[in-house]
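Take a look at the structure set out below.
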Ligand code: GRF
């Protein structure tokens with residue numbers, strides 16, 4: 001039976017697009033059963049609709065607490081039974097309830113060489129600190145922010161003239177090939 005993945009995002013959705021493109025190219029053999037966003041104006045929702053993928057919008061304003069929000073998220077995902085839950089620029093912190101329920105099934109991609117630079121503004125920090133390398137990390141999601149077991153990493157050089165934008169472009173190019181490949185490999189083991 002073909003596997004399925006759920007993708008959670010908050011923004012532009014270039015990561016989602018890389019997954020859609022890999023599925024179209026046949027290098028990622030799975031179905032995206034839902035793209036769920038916490039932001040109404042996330043461009044990722046448009047990308048999903050264009051690709052004919054079911055979308056869902058759950059804004060935090062609709063729920064009185066993180067737990068209530070995550071309870072709804074759990075119900076929706078339970079109905080769909082995805083093999084993996086893929087975070088693709090999802091900017092909400094998930095509650096321990098959610099994380100523990102889907103242990104070893106939630107995967108995130110983070111734009112730094114973890115454990116360096118968890119959280120936001122990773123490009124700014126790497127440039128400010130004159131790092132020679134930056135990169136991306138794919139990891140399991142646990143209760144600790146950006147600190148779950150690492151699945152894969154890839155690095156790139158930082159050039160002297162790099163700006164946040166050029167370094168982001170280089171890092172995201174890595175992400176867009178690494179994430180589909182890692183998801184494909186993980187799905188084979190499930
Ligand atoms: C990616 O660079 C990923 O590393 C981080 O969020 C970014 C999402 O970008 N978690 P996009 O919205 O998929 O373009």
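The values are calculated or read from the model by the stated rules, or taken from the named source; none is laboratory data. Quantities reported herein were computed from a predicted structural model and do not represent experimental measurements. Neighbour counts are summed over all protein chains in view; Cβ atoms, including those assigned to glycine, are modelled from backbone coordinates with ideal geometry.
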Hey, does region 157-165 have a residue that's within 13 Å of the chain's Cα centre (by Cα) and more than 10 Å from the ligand (Cβ to nearest atom)?
no
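Answer yes if at least one residue in region 12-21 is part of a loop (DSSP other than H, G, I, E, B), in contact (Cβ under 8 Å) with a residue 24 or more places away in the chain and either closer than 17 Å to residue 82 by Cβ or under 13 Å from the mean Cα position of the chain (by Cα) (or both), and no otherwise.
Among the residues of region 12-21, at least one is part of a loop (DSSP other than H, G, I, E, B), in contact (Cβ under 8 Å) with a residue 24 or more places away in the chain and either closer than 17 Å to residue 82 by Cβ or under 13 Å from the mean Cα position of the chain (by Cα) (or both), which makes the answer yes.
Which strands (runs of 3 or more DSSP E) does region 103-190 wholly contain that include 2 or more residues that are touching a helix residue (DSSP H, G or I) at 6+ places or on another chain (Cβ under 9 Å) and surrounded by 20 or more Cβ atoms within 10 Å (Cβ to Cβ)?
On the way: elements: 106-110, 133-140, 150-157.
Here the list reads 106-110, 133-140.
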Restricting attention to region 1-22, and to residues there that are more than 10 Å from the ligand (Cβ to nearest atom) and surrounded by fewer than 20 Cβ atoms within 10 Å (Cβ to Cβ), which single residue is modelled with the lowest pLDDT?
1
Within region 47-82, of all residues that are touching a residue at least 24 places away in the same chain (Cβ under 8 Å) and outside any helix (DSSP H, G or I), the one nearest to the chain's Cα centre (by Cα) is 82
Taking region 23-46 and the residues there that are crowded, with 18+ Cβ neighbours inside 10 Å and part of a helix (DSSP H, G or I), the one that is nearest to the ligand (Cβ to nearest atom) would be 44
Of the residues 73, 79, 84, only one is at pLDDT 95 or above and surrounded by fewer than 18 Cβ atoms within 10 Å (Cβ to Cβ); which?
79
For region 88-99, state whether one or more residues are in a loop (DSSP other than H, G, I, E, B), on the phi > 0 side of the Ramachandran plot, within 13 Å of the ligand (Cβ to nearest atom) and touching a residue at least 40 places away in the same chain (Cβ under 8 Å).
yes
